[in-house]
Amino acid sequence: MNKRLMPYYLMTVPAVILFFVFLTLPALQGVYYSFTNWNGFGDNFDFIGFKNYANLFKDSNVGNAYWFTFKFAVVVTILINIFSLLIAMGLNAKIKARNFFRGIYFLPNILSVLIVGYIFNYLFSNVFTIWGQNLGSEWLSTNILGSEQHAWIGIVVVAVWQGIAYNTILYLAGLQTIPHTLYEASNLDGANRWQEFWRITFPLIAPFFTINMVLAMKNSLMVFDQIVALTNGGPGRATQSISHLIYTGGFEGGEFAYQSANSVIYFILIATISIVQIRFLQRREGEM
């Protein structure tokens, strides 16, 4: 048996090596540098222990970035799952050109995040403002991306619009696993649409709901491309996410070691949130 499995093991060796060289090794180096004062350019640096980690909790820019990121992630995760589930239920119904609409709704997932961001940047800056002026709407005629209070809403709109596509496909796959005989039996028992959803549909697609919630939260916490394309963290630092702060501070601000420590904390938080989500939602699956 071992001789028969050996070719399969050998085929995984290149993938394991590439994964280690380009992902695992840089991550370990980042942890190593987080205990130093290296600026990312020179050869000289000193070990300073946990000083970088201690300073993170005193940095107001770091606190603002974490607050914005978590606020953004919660809102986007909720909206993506609500809209994607509604769209999936509509696409699962017996409608004309159903396959065509499924392809249309999946199209945003194919497009590059940066390209979509730059397109919406142009829309927010030029198209929507002109429409607002023509309609006499003061709110619409103002570029939302230039407001410290409302710029994050524009990023939410773009993230939700593009994020819905993938989650819709997953929900649609889950809906197609439900036997139609269950709905026929519920109709005979006199159940209405709302009761069918809570008693049949949602419990049976609960595993897909768990996957979508975890993926949407993880992707939202790692938001970067939308920030770069729409606001670049501005106005000021109003829309600076954690990943954007790590990038700009580490590669442009000479804070490589400091932001390496920030990335370690960032990784731990994302992993912890994902694990807690999975365990909580899986427990809810068992209770349904």
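The values are calculated or read from the model by the stated rules, or taken from the named source; none is laboratory data. Only a predicted model underlies this, so the values are computations on that prediction, with no experimental measurement involved. In this analysis, Cβ positions are derived from the backbone assuming ideal geometry, glycine residues included, and neighbour counts consider all displayed protein chains. With ligands, DNA and RNA removed, areas are computed over all heavy atoms of the protein, side chains included. Shrake-Rupley method; radii C 1.70, N 1.55, O 1.52, S 1.80 Å.
The table below gives the values:
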{"read-out": "Residues located in region 210-225, provided they are open to solvent by less than 30 Å² (accessible area, probe 1.4 Å), out of contact with any Asp or Glu (no Cβ under 9 Å at 6 or more places or on another chain) and of a type in the set (Val, Ile, Thr)", "value": "Val214, Val223"}
{"read-out": "Failed item, numbered, when Ser84 is tested on (1) over 30 Å from Pro235 (Cβ atoms); (2) open to solvent by 30 Å² or more (accessible area, probe 1.4 Å)", "value": "(2)"}
{"read-out": "Matching entry among Leu114, Leu91 (being in contact with a helix residue (DSSP H, G or I) (Cβ under 6 Å, 6 or more places away or on another chain), open to solvent by less than 70 Å² (accessible area, probe 1.4 Å), more than 14 Å from Ala159 (Cα to Cα) and part of a helix (DSSP H, G or I))", "value": "Leu91"}
{"read-out": "Near pairs, Cβ below 7 angstrom, 6+ apart or cross-chain, from region 270-285 (within 14 Å of Asn212 (Cβ to Cβ)) to any residue that is in a helix (DSSP H, G or I) and basic (Lys, Arg)", "value": "Ser274/Lys218"}
{"read-out": "Yes/no for Arg199 being open to solvent by 50 Å² or more (accessible area, probe 1.4 Å), more than 30 Å from Gly233 (Cβ to Cβ) and more than 28 Å from the chain's Cα centre (by Cα)", "value": "yes"}
{"read-out": "Test: Gly103 is modelled with pLDDT of 90 or more and either within 29 Å of Trp67 (Cα to Cα) or not hydroxyl-bearing (Ser, Thr, Tyr) (or both)", "value": "no"}
{"read-out": "Residue in region 126-143 that is closer than 18 Å to Asp225 by Cβ, open to solvent by less than 70 Å² (accessible area, probe 1.4 Å) and either at pLDDT below 90 or among the aromatic types (Phe, Trp, Tyr) (or both) present", "value": "no"}
{"read-out": "Residues of region 63-78 satisfying the condition of being touching a Gly at 6+ places or on another chain (Cβ under 9 Å) and of a type in the set (Gly, Ala, Ser)", "value": "Ala65"}
{"read-out": "Qualifying residue in region 172-179 (condition: out of contact with any Leu (no Cβ under 8 Å at 6 or more places or on another chain), closer than 21 Å to Phe70 by Cα and surrounded by 15 or more Cβ atoms within 10 Å (Cβ to Cβ))", "value": "no"}
{"read-out": "Residues satisfying the stated conditions in region 224-262, i.e. under 16 Å from Phe120 (Cα atoms) and among the aliphatic types (A, V, I, L, M)", "value": "Ile227, Val228, Ala229, Leu230"}
{"read-out": "Residue list for region 226-245, filter: among the aliphatic types (A, V, I, L, M) and open to solvent by less than 30 Å² (accessible area, probe 1.4 Å)", "value": "Ile227, Ala229, Leu230, Ile242, Leu245"}
{"read-out": "Single residue of region 148-171 satisfying the filter (assigned to a helix (DSSP H, G or I) and open to solvent by 50 Å² or more (accessible area, probe 1.4 Å)) that is nearest to Thr231 (Cα to Cα)", "value": "Trp152"}
